[in-house]
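*Asks:* I'd like to ask some things about the structure below.
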Amino acid sequence: MLDSVRCALSPACHRPWKQGLAIAASFVLFASVLPANAGFLKTQKQESRHEIDALEDTWRNAVLTSNTTTLSSLLADDYMAISPSGTLQTKDETLAVLRSGRVHFVAIDISDRKVRFYGTTAVVTSLAKIQASTPDGPVTGSYRYTRVYVRDAQGKWKIVSFEASRIREPGPHKRSELH
C-alpha cells in the first residue's frame, strides 16, 4: 500500500502515461500534415514535369533550326554528351557542330518519353526517330536516348548529360558490331 501511495504522489509514476500521450499527439500532428504535404509534392512534381517537357520541346526545336543561342542556354557549362558511336562531346563541341552546318536535322520525332525525378535532378528517356544530312550522306534511324537535367542555384533546369544509342533494325549485322 505504501508503494501505491508513493506512486500516486510521485511524478515519475505518471511519466509513462505522459510519454504515451506525447507519442499519440505527435502521430496525430504528423498524420494531419502529411496529406497536405503530399499534395504539395505531387503538384510540385507535376509542375517540374511540365517544365522538363517544355525544355525537351525547346531542345528539339533548337536542333531542328540550328539555333545555337537557344541550345547554349539549355546546356550546362560542363555538359557532356556521348554520341551513338561512343565519342564524347562538350558543350562547345556540340554548339560548333550545329553552327558549322555539317549536320542538319530535317526531322526529329520523339515518342515514349519518360521523366523521373531524383531531388533536383531529372532523367529523361525517349525514343527519337531522326532524319539528318551530313557530309557523308543522309542519316536516318531510331535512337534511344537519356538526357539528364539538374536544377542550378538560380532554380533553372540545365542539361548536364546526354547519351544516345542507335536501335538496330532486325536482320544481318556486321560482326564488328556489339551484340
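The values are calculated or read from the model by the stated rules, or taken from the named source; none is laboratory data. All values reported here derive from a predicted model rather than from experimental measurement. Heads up, the Cβs are rebuilt from the backbone with ideal geometry, glycines too, and the neighbour counts pull from every protein chain shown.
*Asks:* Give just the number: which of (1) surrounded by fewer than 15 Cβ atoms within 10 Å (Cβ to Cβ); (2) part of a strand (DSSP E or B); (3) modelled with pLDDT of 95 or more; (4) not aliphatic (A, V, I, L, M) does residue 143 not satisfy?
*Replies:* (1)
*Asks:* Tally the residues that are polar (S, T, N, Q) and either part of a strand (DSSP E or B) or touching a residue at least 60 places away in the same chain (Cβ under 8 Å) (or both), restricting the search to segment 92-123.
*Replies:* Initial filter on segment 92-123 (polar (S, T, N, Q)): 94, 100, 111, 120-121.
Retained after the next criterion (residues that are either part of a strand (DSSP E or B) or touching a residue at least 60 places away in the same chain (Cβ under 8 Å) (or both)): 111, 121.
Qualifying residue count for the region: 2.
*Asks:* Which number in (1) of a type outside the set (D, E, K, R); (2) in a strand (DSSP E or B); (3) surrounded by fewer than 15 Cβ atoms within 10 Å (Cβ to Cβ) marks the one condition that residue 130 misses?
*Replies:* So residue 130 meets the others, but not (3).
*Asks:* Evaluate segment 145-162: report whether one residue or more is closer than 23 Å to residue 51 by Cβ, of a type in the set (Gly, Ala, Ser) and in contact with an Asp or Glu (Cβ under 8 Å, 6 or more places away or on another chain).
*Replies:* Going residue by residue through segment 145-162, those that are closer than 23 Å to residue 51 by Cβ are 145-162.
When the remaining residues are screened for being of a type in the set (Gly, Ala, Ser), the result is 153, 155, 161.
After this cut, where a residue has to be in contact with an Asp or Glu (Cβ under 8 Å, 6 or more places away or on another chain) as well, the list is none.
There is no residue in segment 145-162 that is closer than 23 Å to residue 51 by Cβ, of a type in the set (Gly, Ala, Ser) and in contact with an Asp or Glu (Cβ under 8 Å, 6 or more places away or on another chain).
*Asks:* Same structure, new question: Checking residue 62 against (1) under 17 Å from the mean Cα position of the chain (by Cα); (2) surrounded by 14 or more Cβ atoms within 10 Å (Cβ to Cβ), which single condition isn't satisfied?
*Replies:* (1)
*Asks:* Kindly establish whether residue 88 is without any contact (Cβ under 8 Å) to a residue 60 or more places away in the chain, among the aliphatic types (A, V, I, L, M) and surrounded by fewer than 14 Cβ atoms within 10 Å (Cβ to Cβ).
*Replies:* Numbers: without any contact (Cβ under 8 Å) to a residue 60 or more places away in the chain: yes; among the aliphatic types (A, V, I, L, M): yes; surrounded by fewer than 14 Cβ atoms within 10 Å (Cβ to Cβ): yes.
Against the criterion (without any contact (Cβ under 8 Å) to a residue 60 or more places away in the chain, among the aliphatic types (A, V, I, L, M) and surrounded by fewer than 14 Cβ atoms within 10 Å (Cβ to Cβ)), residue 88 qualifies.
*Asks:* Select from segment 146-157 the residues that are surrounded by fewer than 19 Cβ atoms within 10 Å (Cβ to Cβ) and not small (Gly, Ala, Ser) and write down the one among them that is farthest from residue 112 (Cα to Cα).
*Replies:* Applying the first criterion (surrounded by fewer than 19 Cβ atoms within 10 Å (Cβ to Cβ)) to segment 146-157 yields 146, 148, 150-156.
Filter again for not small (Gly, Ala, Ser), leaving 146, 148, 150-152, 154, 156.
Details: 146: 12, 148: 16, 150: 21, 151: 23, 152: 27, 154: 30, 156: 25 Å.
Only one residue fits best here, namely 154.
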